[in-house]
Structures are given as structure tokens and as C-alpha cells.
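These notes concern the structure reproduced below.
The values are calculated or read from the model by the stated rules, or taken from the named source; none is laboratory data. What you are looking at is a predicted structure, and each value in this text was computed from that prediction instead of being measured. Virtual Cβ from ideal backbone geometry, glycine too; neighbours counted across all protein chains shown. Just so you know, the surface numbers come from the protein's heavy atoms only, side chains and all, with ligands and any DNA or RNA stripped out. Shrake-Rupley method; radii C 1.70, N 1.55, O 1.52, S 1.80 Å.
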Amino acid sequence: MILLRTPDDMLAWSKSRQASGKSCGFVPTMGALHDGHMALMRIAREQCDVVVVSIFVNPTQFNQPADFETYPRPESEDLAVCKACGVDAVFMPTAELMYPNGYATMVLPEGVADSMEGASRPGHFAGVATIVTKLFNCVAPDRAYFGEKDFQQLAVVKQLVRDLNLGVHVIPVSTVRDHDGLALSSRNARLSEKERVAAGMLPTILTEAQAMARDGHQSSDVVTHVSTRLRDVAYSRVDYVTIVDGDSLATVDTPGTKSVLAIAVWVGDVRLIDNVSLLGEPLL
Ligand code: AMP
């Protein structure tokens, strides 16, 4: 496994890899790697000749400086995880190299980027679209793997690839969950023991929403129920609860086969997001 620390080195490596005719699978991450990231790497490993992982805590997608500063950065553990997953190259640049003095270009997605995370975290998706574009340019992948946990991000990246003709095949990967159903996230490590127990209620509440949708309830009833239940979770503060069409992300009145319930909730100082296909497989 090779470690590349500059965009120029990554680009040069990608040029020679392209010349060899080998297909490339790419997994962009912010590190603090867990089983969710590993699922992406394993699928990339199965589907592509060469696997590249990037580890970069991207400052432009954080709308709260404290969140950026406290984001975990366990570099040597992360490299060991990549090696164990059979990754060929890790791209781990510094913020100074990705955004040097005089950097002045951003990619500004609209449409599917406007609601939910886009509304709650101004500038977040501009940061995501910009870094994904830059990483795709450095890595030149054939396929890129994104988790359904960040379901709106996946929609934004698909739109970005389509709109800017990036020519990368975007592959969604199912959310990997902990023993109690909580979606794995690098931020879970920042929950105290009591907060982590409280967060374990989230998948139960999402499963209740699925049951309500299967029973034919309207979206407004499901949203009311989920909001009330989330407010009762210890240490919680609800950011949003919404039911949208899985492709357009437009809100829907009556849950259908493509409807997704998405939530964002603070548990203590940690903001957690999750989503579930309302008429899909029960979570628990
Ligand atoms: P992050 O490091 O949080 O930026 O995530 C990097 C990639 O891993 C993104 O495509 C995420 O959607 C994906 N990911 C994060 N958590 C999970 C999870 N629990 N299951 C599946 N994919 C995940």
C-alpha cells in the first residue's frame, strides 16, 4: 500500500495507473475509519482492480469550527484499517495543500442540496461538492463508493457527477449499524456512555415510523410521532424530521415505495443523522 500526501503525487500515480488500463475504485473518507467505511472498501476491492482511499478532514464542509477541531484523526490506526482491507493507495493530503493561499474556487450545488443538511448547515454541500470534485480530479476513479447513511450527500454527488460530466460511476452502499441498530459514525466516539445508550433509541424510533407507514399513515402523522419520540430521548435536541422522495428529495404527503424518512438530532454535543426507507426492510 502506498501513501500519497500531495495532490501532485496522487495525480502522477493516477496517470500511470490509468496508463496500465486497470480500473480504479475510490472511497473518499474523513478518517476515524469504522466498519461502515470498511464495507465501502470491501465492495470496491471486489469490483475494481485498484482501490484508492482518501483520508481528509475537509475544512470547507464544516459549518462549526468546534466540530472540525474535535473531529477524530487517528492516522496510524486508519492506515492499518486500509491495509487490512487490501487498499492499494491512500491519499492523505493536508488542508494547506488542498486549499493553498489564494485558493478561490468553489462548486455550489443547488437542487437536492437545498433542503435538510443544506438548510441546517449552510455551506456544507458547497464544501462537499468542491472536495469531491477535487478528489475525483486527483484520483480519476472509474467508480466511487458512498454510504447511504449520508443519503442526501449521495444525491448531491450523483447530481454533481451528472451536471459536471465527471464520468464517475457512483455506487451506493447500505448503512452499517452497531449491535443496537445505531448507524456507525465517526462522531459516535464523542458520545458519553449515557448519551450512547440514549442514541440507541434512534433505530427503534425509525422502526416505529416504518410500521406506521406500512399501516397506511400519512407523512404528517409519522413525522409528528417521530419528532415527539425523538424529543423524549435523553440529552436530545431535534434538528429536523422529514419524509422525502428518495430520488428528488421533494417532501411527500403519503409514504410510497421510494419514500425515505430522514432525521438529524443532537444527542448532547453530537449531531447524528440517519434515514430509513419507509416501506423497506425493518431496521430491527
Ligand atoms: P465520512 O468519513 O463520515 O465522510 O464518510 C465517508 C464515507 O463513508 C461516506 O460515503 C459515508 O456515507 C460512508 N459511511 C459513513 N458511515 C457509514 C455507515 N455507518 N455505513 C455505511 N457507510 C458509511
>> Which of Phe151, Phe68, Phe26 ends up with the largest GNM mean-square fluctuation for the chain, with Cα atoms connected below 10 Å?
In response: Phe68
>> Starting from 0.36 nm per residue, how many nanometres of slack lie between Asn137 and Ala189 once their C-alpha separation is accounted for?
In response: 15.6 nm
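Among the listed pairs Lys83/Lys194; Lys22/Lys258; Lys22/Lys134, which are separated by more than 24 Å between their Cα atoms?
Lys83/Lys194; Lys22/Lys258
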> Under a 1.4 angstrom probe, counting protein chains only, how are Val53, Val252 ranked by accessible area, largest first?
Replying inline: Val252, Val53
> For the pair Ser220 and Lys258, what calculated FRET efficiency results from E = 1/(1 + (r/R0)^6), where r is the Cβ-Cβ distance and R0 = 22 Å, to the nearest 0.05?
Replying inline: 0.75
>> Over the chain, with a Gaussian network built from C-alpha contacts below 10 Å, which listed residue (Arg237, Arg214, Arg271) shows the highest mean-square fluctuation?
In response: Arg214
> For the modelled label position 7 Å from the Cα of Val197 along Cα-to-Cβ, which residues of segment 203-239 have backbone nitrogen atoms closer than 19 Å?
Replying inline: 203-205, 230-237
> Could you give the nm distance between label points at Ser174 and Ala211, where each point is 7 Å from its Cα heading toward the beta carbon?
Replying inline: 2.2 nm
>> Taking the full set of protein chains and a 1.4 angstrom probe, give the accessible area of Lys134 in square angstrom, rounded to the nearest 10.
In response: 50 Å²
> What accessible surface, in Å², does a 1.4 Å probe find on Ser220, ignoring ligands, DNA and RNA and rounding to the nearest 10?
Replying inline: 80 Å²
> How much FRET efficiency would the formula 1/(1 + (r/R0)^6) give for Asp245 and Asn165, where r is the Cβ-Cβ distance and R0 is 30 Å, rounded to 0.05?
Replying inline: 0.75
> Top mean-square fluctuation among Gly256, Gly21, Gly181, Gaussian network model of the chain, C-alpha springs under 10 Å?
Replying inline: Gly21
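Report the extension gain between Thr204 and Lys83 in nm, rounded to one decimal, defined as 0.36 nm multiplied by the number of residues separating them, less their alpha carbon distance. Present the calculation step by step, with values, prior to reporting the outcome.
Details: separation 121, 0.36 × 121 = 43.56 nm, distance 3.48 nm.
Between Thr204 and Lys83, full extension yields 40.1 nm more.
Could you work out how much longer the chain between Ala12 and Tyr103 gets when fully extended? Use 0.36 nm per residue separation minus the Cα distance between them, nm to one decimal.
Gain in length upon complete extension: 30.6 nm.
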> Along the charge dipole of segment 64-213, which of Val139, Asn101, Thr70 sits closest to the positive end, that is, farthest toward it, with unit charges on the beta carbon of Lys, Arg, Asp and Glu (+1, +1, -1, -1)?
Replying inline: Val139
> Using alpha carbon centroids, what distance separates segment 1-70 and segment 77-154, in Å?
Replying inline: 9 Å
>> On a 1.4 Å probe surface of the protein chains, which of Leu283, Leu249, Leu97 comes out largest in accessible area, and what is the full order?
In response: Leu97, Leu283, Leu249
>> Let's see if you can work this out: charge +1 on each Lys and Arg Cβ, -1 on each Asp and Glu Cβ, no other charges. What is the dipole magnitude of the chain about its Cα centre, in debye to the nearest 20?
In response: 460 debye
> Can you put His225, His179, His169, His124 in order of accessible area, largest first, using a 1.4 Å probe?
Replying inline: His179, His169, His225, His124
